[in-house]
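Written out below as structure tokens is the structure these notes cover.
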Amino acid sequence: MGIFFLFLGRGSQSQAKSNKTETSTTTEHASQNSDKQVIYPTIYITGSGGSVTSVDWLVDRLMPIQNVTAKKSLVMIADITKNYQLKVTGQVSKDNKYPLIEFGTGKGTDSGTVFSKGLQRAVAYLTEHYRVPWINLVGFSSGGTGAIYYMIDTANSSKFPPVNKYASLDGEYNKEVKLQAGETLADVLKRGPLVKTAMYNYIADNYNKVSNKTEMMLLEGDFNTAQQTDNTIPWADSFSIYHLFKENGNDITTTLYPTKMKHGQAPKNPIAVKYIKDFIYGTP
């Protein structure tokens with residue numbers, strides 16, 4: 001299997017921590033949409049552990065972003081044990097046009113449906129308090145499942161802003177299914193996997209709802225070349241959705257990046273961080 005590289009994206013985002021806090025019960029918002037602060041956020045979606053620790057590693061390593069006014073801002077937890085009750089901490093400063101937002105589910109899950117519901121709650125909060133022409137999504141591990149489910153589930157709703165770019169970091173889309181006997185990664189990229197789980201089938205049955213204007217990059221760690229895995233997610237899984245969105249007309253790439261870090265440490269990998277930074281923010 002060849003290694004696919006490429007991609008610089010159109011720009012967006014830099015960082016500064018704040019002591020101020022917003023909560024989901026905030027009532028301080030403009031009555032007129034035109035009075036709201038305009039932001040173009042990128043939401044960094046955690047993996048199956050539920051906490052934002054993994055994406056916080058990633059966001060911290062993306063700093064500084066010098067070519068755009070992008071800063072670390074909100075942490076959003078949609079608590080799946082409390083009917084997706086949303087806790088929002090941090091602040092989007094007035095000069096932060098492209099805020100970096102961390103999202104988690106509180107309790108661990110690998111359910112795309114659960115992630116999607118939580119993300120919908122988070123994005124609804126953003127559109128209530130800010131003008132949001134579009135968003136970017138970065139999904140790590142099971143957060144990738146959630147990002148794709150979210151794009152499908154909100155595709156026909158004008159309440160949710162379009163997704164400009166989507167970056168998958170070692171994403172899970174087929175329940176960690178490996179290559180089958182006689183199957184190659186080239187086969188998966190061209191036609192999809194032989195063994196299809198319910199997770200994959202939901203995407204395969206609904207991918208054409210997603211806008212073909214959303215740019216996509218699928219990153220996967222080359223931790224074990226012989227076994228074609230990042231140590232947890234097989235390449236055949238992380239790239240299983242490539243053919244679907246290629247067929248959908250999306251501008252999509254697959255990239256294997258070299259790593260000695262196991263799956264859970266992927267957000268710390270400087271090579272992966274640079275790919276995401278270049279793709280989302282258009283940095284040289």
Counting only DSSP beta bridges with both partners in the chain, the antiparallel fraction in percent, to the nearest 5, comes to 20
Only Lys, Arg (+1) and Asp, Glu (-1) charged, at Cβ; the chain dipole about Cα centre in debye: 520
Tell me the angle of helix 142-153 to the major Cα principal axis of the chain, expressed in degrees between 0 and 90 and rounded to the nearest ten. 70
Furthest towards positive pole of dipole, 125, 138, 166, structure part region 87-237, Cβ charges: 125
Of all DSSP beta bridges located in region 158-284, what percent are antiparallel, nearest 5? 15
Leaving ligands and nucleic acids out of the surface, order 111, 238 by accessible area at 1.4 Å, largest first. 111, 238
Taking R0 as 22 Å, what FRET efficiency do you get between residue 107 and residue 176 from their Cβ-Cβ distance, rounded to the nearest 0.05? 0.60
Rounded to the nearest 10 Å², the accessible area of residue 271 using a 1.4 Å probe with every protein chain kept is 70
For the full complex of protein chains and a 1.4 angstrom probe, list 115, 160 by accessible area with the highest value first. 160, 115
Which of the listed residues, 76, 182, 66, is farthest toward the dipole's positive end in the chain, when Lys, Arg count +1 and Asp, Glu count -1 at the beta-carbon? 66
For region 38-143, what proportion of DSSP beta bridges, expressed in % and rounded to the nearest 5, is antiparallel? 30
GNM of the chain, Cα pairs under 10 angstrom: of 253, 197, 229, the biggest fluctuation goes to 197
Could you tally the net charge around residue 78, taking each other residue with its Cβ under 13 Å from the Cβ of residue 78, Lys/Arg +1 and Asp/Glu -1? +3
Rounded to the nearest 10 degrees, the helix 270-281 long axis (Cα) sits at an angle to the longest Cα principal axis of the chain of 60
In degrees, nearest 10, range 0 to 90: what is the angle between the Cα axis of helix 112-129 and the longest Cα principal axis of the chain? 30
Setting aside same-chain residues fewer than 8 positions from residue 94, which aspartates and glutamates have a Cα under 19 Å from its Cα? 22, 28, 35, 102, 128
Nonlocal amide H pairs with residue 48, under 5 Å, H built at 1.01 Å: 142, 143
Of 159/209; 82/117; 107/178; 71/97, which sit over 20 Å apart, Cα to Cα? 107/178
What is the extension gain from residue 184 to residue 82, computed as 0.36 nm multiplied by their sequence separation minus the C-alpha to C-alpha distance, in nm to one decimal? 32.4 nm
Which value, in debye to the nearest 20, describes the size of the charge dipole of region 53-163 about its Cα centre when Lys and Arg Cβ atoms bear +1, Asp and Glu Cβ atoms bear -1, and nothing else is charged? 240
Highest-fluctuation residue, 94, 209, 274 considered, GNM on the chain with Cα pairs under 10 Å: 94
Share of Cα-Cα pairs in the chain lying beyond 35 Å, as whole percent: 12
Across region 222-239, in residue order, what do the Karplus-derived ³J(HN,Hα) couplings come to in whole Hz, using 6.51 cos²θ - 1.76 cosθ + 1.60 with θ = phi - 60° and x for Gly and Pro? 8, 7, 9, 5, 4, 8, 6, 8, 8, 4, 10, 9, x, 4, 4, 7, 4, 9
Net charge dipole size for region 122-242 [Lys, Arg +1 and Asp, Glu -1 on Cβ; Debye, nearest 20]: 460
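The values are calculated or read from the model by the stated rules, or taken from the named source; none is laboratory data. Remember, predicted model here, so these are calculated numbers, not experimental data. Virtual Cβ from ideal backbone geometry, glycine too; neighbours counted across all protein chains shown. Calculation scope for accessible area: heavy atoms of the full protein, side chains included, ligands and nucleic acids excluded. Shrake-Rupley method; radii C 1.70, N 1.55, O 1.52, S 1.80 Å.
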